[in-house]
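Engineer: Take a look at the following structure, please.
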Amino acid sequence: MRASNLYAPTLRNTPAEAEIISHQLMYRAGMIRKSAGGMYNFLPLGWRTIRKIEQIIREEMDAAGGQEIMMPILQPSELWEESGRWAAYGDEMMRMKDRHGREFCLGPTHEEMITALVRDEVRSYKQLPLMLYQIQDKFRDERRPRFGLMRSREFIMKDLYSFDKDVEGMNVSYQKMYDAYSRIFTRCGLEFRPVEADNGAIGGGHSHEFTVLADNGESSIACCTKCDYAASDEKAELAAIIEPNEELLPLEKVATPGTDNIQKLADYLQVPVTKTIKAIAYQTDTEELVLAFTRGDHEVNEVKLLNLLEGARELRMADEEAIRAAGGCPGFMSPIGIKAGTHVIVDHTVMHMHNAVTGANEIDAHFRQVTPERDFDRQLITVADIRMVQEGDACPRCGAPLHMTRGIEAGQVFTLGTKYSEAMGATFLDEQGKEKPLLMGCYGIGVGRTMAAAIEQNNDADGIIWPRAIAPFEVVVVAVNAKNEEQLAYAEEIYSELRTEGVDVLLDDRKERAGVKFKDCDLIGYPLRVTIGPKAVEEGTIEIKVRRTGEVLTCTRDAYMAKVVELLQEL
RNA sequence: CGGGAUGUAGCGCAGUUUGGUAGCGCGCCAGUUUUGGGAACUGGAUGUCGCAGGUUCAAAUCCUGUCAUCCCGACCA
C-alpha cells in the first residue's frame, strides 16, 4: 500500500467532541469518523486494525473448537417473546416494524437466535459439545453513548455460544473460552486481568470479565497485590473485619442534635467514623422495605444486596413514610427497635464491632456503646457481606491488601445454564434416552473496544504506539523527499523487498515535506519506520526508528532486512 | 431520564452582552522559493451562522420551539 493512495485524513487539531485519548487519536490519525451519536465509520487504517484483531480472535476461537457462522442482525420479536426478553429488554433494544406491521429488533445479542437455530437440529448428546460463533455488529440504544468506540450504539462483537450435555461439559467449554480469551488479549499485546464478575439475574454460574487496565476505563476492579485474585468492584468478596476485643460498656442513649449524617455524628461525639454504624434504606420494585447497615466508613454494595433479595430486581432509595412505618427514623436509624418482619440486612463486619454508635430511631438521638452481637436481635436480622470493596481491603483468598484500579471491559465469559434452553425448548436426548435442556454459555468480545483499549494503554504525546500484532501496518517506509527521484526509487526498492519478505508494510511516497510525514507516522503509530533519505542514496545507510522507544538504528543496505525482522520479533 | 454546556467553512475557534455587508488560525486550490521533524510569500475557493417560527426597516446576535453533540449523574448483559 502506498500512502499517496491511502484514504487516511489526519488532523492537527483535536475535534472538540473527542474527550478521551483513544477517541482523539483514532480521529486524528484518520482511523474513524462519526456518523451519528455512538456510531462510527471505520476508515482504511482503522479497519485494518479491526481486521487484525478479528483474525486473532478467529484463530483462537477455531483452535478452541469454535465454528464461525453468521446470523441475521434483524431478529423477529417472536423469538424474544419466547425468552421473555421482548418486554424485559426495555429501551436499549432498537425496535422496528416491517411493511406488514411485524415487529423486529436489531440484535443487541444473539442468545435467542442461536438457541432457535440449534434446538431444531441438535437432538442427541452425540452432537455435543458444540460451539458456534460470529463476528458481527450489535445494536444497543445506550442512554448515553460516550467515549468514542468505548460505548457506542452500533459495535462489532464476537459472540460465541457453547452447548453441552451437562454441567461438567459446560464448565469445560467455559474453561476453554477463558483460556482462549487470555491468549487473545495477550496476542493483542494488552495488559489485562480476568476478573470475577457478578452474573446477576442468571445466577449460579461462572462469569469473568476480561478487563484491560486503563485509567480511563469505566470499570472499577479490585486486584490482589500478592496473589492473582481479581474481581469487579461489585463482585469482590470481603471477609468480616474482626476488631480486637475491648471492654464492653453498657448500651446508652444520647442526645445528638443535628447529626443526621455520619460525619457530623462522628465529629459531635468525638469518635472515629469506624466506630459508627450507618443505615441505608431501600425499597425494592416489589415495594418491600430493606434496611442495610454497614460500618460508617463503608459503602453498601447494591448488587450484593439485591442478590440476597429473592424476587427483587431493582432498588431505589426508600420513601420517608415507608421508613417510619417500619419504626425507623431517617438519619437516625438502627436495627434496635425496628418492627419485626422488616427486612434488616447487616454487614457481617458490623457484627464484630464493639462500643459503636448507631441511631436510636428517633430524631436527634443515637445509641452509643452498642455491641451488635449483644444488642441486635439475631432473629430479626440477616447478616451477610453487603459492602463495597475499598482500597486496602483484605483479599478473600490470601489476606493481602487489595488494590483498586480502573479498566475497560473488553470481553466477558459467562455460563448461562438452561435459562434459554428451557424457556425456548432446546432439548436433546441423553445416553438414557431422557430429554434434557441444553447447557449453554455465552462469550463476547468487543472488537472496537479492544482497539480503543489498546490505544488507551499505548500512546504518548506524539500519538498511538501500536502493539505490532494489531498495528494497521507493521512497518512504514518513508521516502524523505519523494520529489527526489533517486530517493523515491530507493524507497520503492526497499518497500518491495520488505513485501517480498512478507512484512506488512506501507510506503509513504507522498510529496509532503519530511516533517509532515514523520508527524503522521508518529500519530498513526506504526511500530517501525524505515527512513530513506539522502544518506541512503549517497552512502547506502538506512535508518530504522522504533516508535515505542524512539531508538534509531543505522544499517547498511545488506543488513537492514535482518534488523527489521529482528526488531519486529521483539515487539 | 435529571443536571450542565455547546452548535458559525473540512478541523480548531472569535463575533452574540450593546441587532447594521461573515471573520481568524490550520487545512484546501494555483504559482514561486524551499525540502530530515507539522515551511515562507503571493493569489484564490469554501458558510442555509443546527433547523423552524416570531419580533424588527434590518437577526449569527433578541424571543419561542425544536433537533443534534459533548460532559456529570442515574441506568445497564
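Each value in this text was obtained by applying a stated rule to the coordinates, not by laboratory testing. For clarity, every value in this text was computed on a predicted model and none was experimentally measured. Don't worry about glycine lacking a Cβ; one is built from the backbone with ideal geometry, like all the others, and counts go over all protein chains shown.
Engineer: From a point 7 Å beyond the Cα of A:Arg144 in the direction of its Cβ, which residues of region A:1-30 have a backbone N at a distance under 20 Å?
Structural biologist: Under cut-off, by backbone N: A:16-24.
Engineer: Another one. Provide A:Ser334, A:Ser162, A:Ser421 in ascending order of the number of other Cβ atoms located within 10 Å of each residue's Cβ, fewest first.
Structural biologist: Final ranking by Cβ density, sparse to dense: A:Ser421, A:Ser334, A:Ser162.
Engineer: Show the residues, 5+ positions off or on another chain, whose built amide H is closer than 5 Å to the amide H of A:Met157.
Structural biologist: A:Gln136, A:Asp137, A:Lys138, A:Val447
Engineer: Also, quick follow-up: What does the helix-only formula give at 222 nm for chain A: each DSSP H stretch with n ≥ 4 adding -39500 (n - 2.57), the total divided by the residues, and the result rounded to the nearest 500 deg cm²/dmol?
Structural biologist: Calculated mean residue ellipticity at 222 nm is -8000 deg cm²/dmol.
Engineer: Sort A:Trp47, A:Trp80, A:Trp86 so the one with the fewest other Cβ atoms within 10 Å of its own Cβ comes first.
Structural biologist: Starting with the residue having the fewest Cβ neighbours, the order is A:Trp47, A:Trp86, A:Trp80.
Engineer: If you consider only alpha-carbon coordinates, what radius of gyration and Dmax does region A:252-384 have, in Å?
Structural biologist: Calculated on Cα positions, Rg and Dmax stand at 13.7, 42 Å.
Engineer: Now for a separate question. If amide H atoms are built 1.01 Å from N in the plane of the peptide, which residues on other chains or at least 5 residues away come under 5 Å of the amide H of A:Cys395?
Structural biologist: Hits under the 5 Å cutoff: A:Ala400, A:Leu402.
Engineer: Let me ask something else about it. Could you compute how fast chain A diffuses translationally, taking Rh as the Kirkwood radius over C-alpha pairs and applying Stokes-Einstein at 37 °C with viscosity 0.692 mPa s? Give it in µm² per second.
Structural biologist: Stokes-Einstein gives a translational diffusion coefficient of 119 µm²/s.
Engineer: Oh, and also: Kindly express, to the nearest 10 degrees and within the range 0 to 90, the angle between helix A:44-63's C-alpha long axis and the longest C-alpha principal axis of chain A.
Structural biologist: 70
Engineer: Can you give the % of DSSP beta bridges in region A:436-533 that are antiparallel, to the nearest 5?
Structural biologist: The antiparallel proportion sits near 20 percent.
Engineer: I need A:Leu251, A:Leu25 ordered by Cβ neighbour count within 10 Å, fewest first.
Structural biologist: So the residues, fewest neighbours to most, are A:Leu251, A:Leu25.
Engineer: Another question, if that's okay. Please compute the length gained on full extension between A:Gln432 and A:Ala240, using 0.36 nm multiplied by the number of residues separating them and subtracting their Cα-Cα distance.
Structural biologist: Answer, rounded to one decimal: 64.5 nm.
Engineer: Starting from region A:353-459, pick out the GluC sites (Glu not before Pro) whose DSSP state is loop and whose Cβ has at most 11 other Cβ atoms within 10 Å.
Structural biologist: The qualifying sites are A:Glu391, A:Glu431.
Engineer: Can you give the FRET efficiency for A:Ile69 and A:Ala365, using 1/(1 + (r/R0)^6), R0 = 60 Å, r = Cβ-Cβ distance, to the nearest 0.05?
Structural biologist: With R0 = 60 Å, the Cβ-Cβ based efficiency is 0.35.
Engineer: Could you check the simple spin-label distance between A:Asp285 and A:Ala514, using points 7 Å along Cα→Cβ, in nm with one decimal?
Structural biologist: 6.5
Engineer: Could you bin all the Cα-Cα distances of region A:473-570 into 5 Å bins starting at 0 and give me the percent of pairs in each, rounded to whole numbers?
Structural biologist: That works out to 3, 15, 28, 28, 20, 6, 0, in percent per bin.
Engineer: If you average 1/r across every pair of different Cα atoms in region A:247-310 and take the reciprocal, what Kirkwood value do you get, in Å?
Structural biologist: Evaluated on region A:247-310, it is 13.8 Å.
Engineer: So, one more: Could you derive backbone 3J(HN,Hα) for region A:525-540 from the dihedral phi with the Karplus parameters 6.51, -1.76 and 1.60 (θ = phi - 60°), listing whole Hz in sequence and x where the residue is Gly or Pro?
Structural biologist: x, 4, x, 10, 10, 9, 9, 10, x, x, 5, 5, 5, 7, 10, x
Engineer: Determine the gain in length on full extension of the stretch A:Glu121-A:Arg557; use 0.36 nm per residue of separation and subtract their C-alpha separation, reporting nm with one decimal.
Structural biologist: Working it through step by step, the gained length comes to 150.9 nm.
Engineer: Let me ask something additional. Which whole-Hz couplings ³J(HN,Hα) result when phi for each residue of region A:430-447 is put into the Karplus expression 6.51 cos²θ - 1.76 cosθ + 1.60, θ = phi - 60°, listed in order with x for Gly and Pro?
Structural biologist: 7, 4, 8, x, 9, 7, 9, x, 5, 9, 10, x, 9, 9, x, 9, x, 6
Engineer: Apply the Karplus curve 6.51 cos²θ - 1.76 cosθ + 1.60, θ = phi - 60°, to the phi angles in region A:138-145 and return the couplings in whole Hz, x for Gly and Pro.
Structural biologist: 10, 10, 9, 7, 4, 4, 9, x
Engineer: Moving to a separate point now. Pairs of alpha-carbon atoms within less than 8 angstrom and 6+ residues apart define the contacts here; what relative contact order does region A:289-403 have, in percent?
Structural biologist: 28
Engineer: While we're on this one: From the P(r) of region A:43-196, can you give the percent of Cα pairs sitting at distances over 18 Å?
Structural biologist: Tail of P(r) above 18 Å: 67 percent of Cα pairs.
Engineer: Cα axis of helix A:514-524 to longest principal axis of chain A: angle in degrees, 0 to 90, nearest 10?
Structural biologist: 40
Engineer: If you don't mind, another one. Collect residues whose amide H, placed 1.01 Å from N in the peptide plane, falls under 5 Å from the amide H of A:Asp141; neighbours closer than 5 in sequence don't count.
Structural biologist: Result for A:Asp141 returns A:Met93, A:Met94.
Engineer: Excluding residues on the same chain fewer than 8 positions from A:Lys339, give the lysines whose Cα lies under 28 Å from its Cα.
Structural biologist: Candidates past the 8-residue exclusion: A:Lys253, A:Lys264, A:Lys275, A:Lys278, A:Lys304.
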